[in-house]
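First the structure, in the form of structure tokens, and then the observations on it.
The values are calculated or read from the model by the stated rules, or taken from the named source; none is laboratory data. Predicted, not measured: the structure shown is a model, and the values here were computed from it. Cβ placement follows ideal geometry from the backbone for every residue including glycine, while neighbour counts extend to all protein chains displayed.
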Amino acid sequence: MKTGIFCGSFNPVHLGHLALANYLCEYEGLDEVWFVVSPHNPLKEERDLMDDEFRLKLVRLGIADYPKFRASDFEFHLPRPSYTIHTLDCLKQTYPDRDFYLIMGADNWISFDQWRESQRILNENKILIYPRLGYPIHSETLPPHVKLTSSPLFEISSTFIRRALKEGKDIRFFLPPSVFKSLKEDL
């Protein structure tokens, strides 16, 4: 089974995340996508991060009733800070029947050499890169096992969502209805 691993803070999950994952299942051959909620990305600030369990709850709400998506707290049970290489190693050991594909944005690919054991990630894993505005990548320069997808650009960010919520904006159409409702009730 081809399983996409979409690691992220999902702070909060929004329609851009879900539309991208849907595209990867329907057009890039993935059987499923796991939304692996990360406790804290060592390359990002922690101060704006919502509670781990709350972010996981929002992902569960957002993907409910779609059989190809799965919310995962896998990284909650790994040592912190969370490093992708450790996550991938543990996933492969725990689920040897799965063929994992790491999903990352072009923005992350540009800084990929800063990731812990980035060369080993490249050598041992398949990677799907989705385009991001302002981060051009040329597919002919990519190493083996790395593919630039043709997915549409989804320029919705969690930062935009959080800012809009603080400003009292009605952004219901940027979020799954259940996620919007929970954010309005719990924040």
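Of all the numbered requirements in (1) surrounded by fewer than 18 Cβ atoms within 10 Å (Cβ to Cβ); (2) among the aromatic types (Phe, Trp, Tyr); (3) in contact (Cβ under 8 Å) with a residue 40 or more places away in the chain, residue 83 misses one, and that requirement is (1).
Residues that are within 18 Å of residue 24 (Cβ to Cβ) and of a type in the set (S, T, N, Q) were ranked within region 140-151; the one that is surrounded by the fewest Cβ atoms within 10 Å (Cβ to Cβ) is 150.
Under the condition of being surrounded by 15 or more Cβ atoms within 10 Å (Cβ to Cβ) and within 12 Å of residue 15 (Cα to Cα), the residues counted in region 176-187 number 4. Does region 17-32 contain any residue that is assigned to a strand (DSSP E or B) and surrounded by fewer than 20 Cβ atoms within 10 Å (Cβ to Cβ)? Yes, the conditions are met somewhere in region 17-32. Here the condition is being farther than 25 Å from residue 29 by Cβ and surrounded by 11 or more Cβ atoms within 10 Å (Cβ to Cβ); of 100, 173, 160, 154, it holds for 160 alone. Considering the conditions (1) touching a strand residue (DSSP E or B) at 6+ places or on another chain (Cβ under 9 Å); (2) in a helix (DSSP H, G or I); (3) within 25 Å of residue 63 (Cα to Cα), residue 151 is excluded by exactly one of them, (2).
Buried (at least 19 other Cβ atoms within 10 Å of the Cβ) and hydrophobic (A, V, I, L, M, F, W, C): which single residue out of 127, 137 fits that description?
Working: 137 fails: buried (at least 19 other Cβ atoms within 10 Å of the Cβ).
Step by step, each of 127, 137 is checked, and only 127 is buried (at least 19 other Cβ atoms within 10 Å of the Cβ) and hydrophobic (A, V, I, L, M, F, W, C).
Selection of region 161-173 for residues being over 14 Å from residue 11 (Cβ atoms) and either of a type in the set (Asp, Glu) or assigned to a helix (DSSP H, G or I) (or both) yields 167, 170, 172, 173.
Pairing each residue of region 94-122 that is of a type in the set (S, T, N, Q) with any residue that is assigned to a loop (DSSP other than H, G, I, E, B), provided the two are 6+ apart or on different chains, yields C-beta distances under 8 Å for 111/43; 114/43. Residues in region 4-43 that are modelled with pLDDT under 95 and more than 27 Å from residue 185 (Cα to Cα): 42, 43.
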